[in-house]
Amino acid sequence: GENVEQHPSTLSVQEGDSAVIKCTYSDSASNYFPWYKQELGKGPQLIIDIRSNVGEKKDQRIAVTLNKTAKHFSLHITETQPEDSAVYFCAAAGNQFYFGTGTSLTVIP
Amino acid sequence: SAVISQKPSRDICQRGTSLTIQCQVDSQVTMMFWYRQQPGQSLTLIATANQGSEATYESGFVIDKFPISRPNLTFSTLTVSNMSPEDSSIYLCSVDRGSLDTQYFGPGTRLTVL
């Protein structure tokens with residue numbers, strides 16, 4: 001089956017700086033890569049996704065890049081704000097969703 | 001997107017008892033999923049529930065322990081049976097409205113077993 005690795009497990013940044021979270025996957029059949037944000041006491045919320053026919057996608061301060069050859073994809077958050085503090089999960093999907101291990105992001109005011 | 005609600009939001013249960021978690025969606029969906037998220041961990045798929053058929057369980061999860069119902073296209077239940085403290089987790093339902101569509105998650109049910 002698929003194996004999704006996510007790094008780093010924890011990340012602290014100063015408000016206004018950028019944050020980057022990276023994921024790698026193993027199954028070349030995976031062709032859909034969503035990112036979820038989970039705040040304390042809540043379910044994961046989709047924040048951005050990318051499909052295998054696209055290399056990059058941007059939505060305001062959030063962007064995702066995909067390198068299918070290297071089997072890795074990354075989440076980029078620019079101009080971070082305290083409300084960006086949460087746990088972020090990547091996922092790789094073919095017939096099933098496989099989630100990364102999560103990154104706890106703290107934005108320091 | 002989809003609006004998903006879960007009941008209860010949290011519960012504290014005694015060892016050996018059972019708890020049924022409800023998941024309600026605001027629109028008809030083909031596939032519903034149940035996940036377990038242990039404290040500080042990622043999401044682990046328990047089973048996939050399609051309306052009108054038996055749920056499909058992932059390795060390590062069995063129907064006797066986690067029976068699932070899917071009576072219609074907007075509702076599902078997960079029962080955690082004969083609970084032990086190791087079952088203390090957040091249980092999440094999610095929905096997928098089509099092939100390779102994204103999954104939308106409910107708010108979760110936080111279960112503590114004493």
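The values are calculated or read from the model by the stated rules, or taken from the named source; none is laboratory data. Because the structure is predicted, anything quoted here is derived from the model rather than measured. Note: ideal-geometry Cβ built from the backbone for every residue, glycine included; neighbour counts use all protein chains shown.
Would you call B:Gln103 at pLDDT below 95, surrounded by fewer than 17 Cβ atoms within 10 Å (Cβ to Cβ) and not hydroxyl-bearing (Ser, Thr, Tyr)? Considered against the rule, which asks whether it is at pLDDT below 95, surrounded by fewer than 17 Cβ atoms within 10 Å (Cβ to Cβ) and not hydroxyl-bearing (Ser, Thr, Tyr), B:Gln103 comes out as no. Taken over segment A:66-101, the criterion of being assigned to a strand (DSSP E or B), closer than 22 Å to B:Leu45 by Cβ and among the hydroxyl-bearing types (Ser, Thr, Tyr) is satisfied by A:Tyr88, A:Tyr98.
Evaluation of A:Ala63 against the conditions (1) in a strand (DSSP E or B); (2) under 12 Å from the mean Cα position of the chain (by Cα); (3) within 21 Å of B:Gly106 (Cα to Cα) shows that the sole unmet condition is (3).
Identify all residues within segment B:47-62 that are within 14 Å of B:Leu73 (Cβ to Cβ) and in contact with a Ser or Thr (Cβ under 9 Å, 6 or more places away or on another chain); write none if there are none. B:Ala49, B:Asn50, B:Gln51, listed by residue number.
Looking across segment A:7-43, the residues that are of a type outside the set (Lys, Arg), under 14 Å from A:Ala86 (Cβ atoms) and part of a strand (DSSP E or B) come down to A:Thr10, A:Leu11, A:Ser12, A:Val13, A:Ala19, A:Ile21, A:Trp35, A:Tyr36, A:Gln38. Among the conditions (1) outside any strand (DSSP E or B); (2) within 20 Å of A:Val13 (Cα to Cα); (3) small (Gly, Ala, Ser), the only one that A:Ser104 does not satisfy is (1).
Within segment A:16-28, can one find any residue that is surrounded by 13 or more Cβ atoms within 10 Å (Cβ to Cβ) and at pLDDT below 95? Yes - at least one qualifying residue is present in segment A:16-28. Checking A:Lys58 against (1) part of a loop (DSSP other than H, G, I, E, B); (2) away from chain B (no Cβ under 13 Å), which single condition isn't satisfied? Here A:Lys58 meets the rest and fails (1). Within segment A:68-94, how many residues turn out to be in contact (Cβ under 8 Å) with a residue 60 or more places away in the chain and within 14 Å of chain B (Cβ to nearest Cβ)? The total comes to 7. Among the residues of segment A:28-79, the ones that are within 14 Å of A:Ser104 (Cα to Cα) and of a type in the set (Ser, Thr, Tyr) come to 1 in all.
So that you can scan it fast, the table gives a plain yes or no per residue for (1) hydroxyl-bearing (Ser, Thr, Tyr); (2) within 14 Å of another protein chain (Cβ to nearest Cβ); (3) in contact with a Cys (Cβ under 8 Å, 6 or more places away or on another chain):
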site	(1), (2), (3)
B:Ala2	no, yes, no
B:Arg10	no, yes, no
B:Gly16	no, no, no
B:Thr20	yes, no, no
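Residues that are closer than 20 Å to A:Lys37 by Cβ, within 10 Å of the chain's Cα centre (by Cα) and either part of a strand (DSSP E or B) or of a type in the set (Phe, Trp, Tyr) (or both) do not occur anywhere in segment B:22-29.
Inspection of segment B:72-89 identifies at least one residue that is within 14 Å of chain A (Cβ to nearest Cβ) and either under 20 Å from B:Asp11 (Cβ atoms) or polar (S, T, N, Q) (or both).
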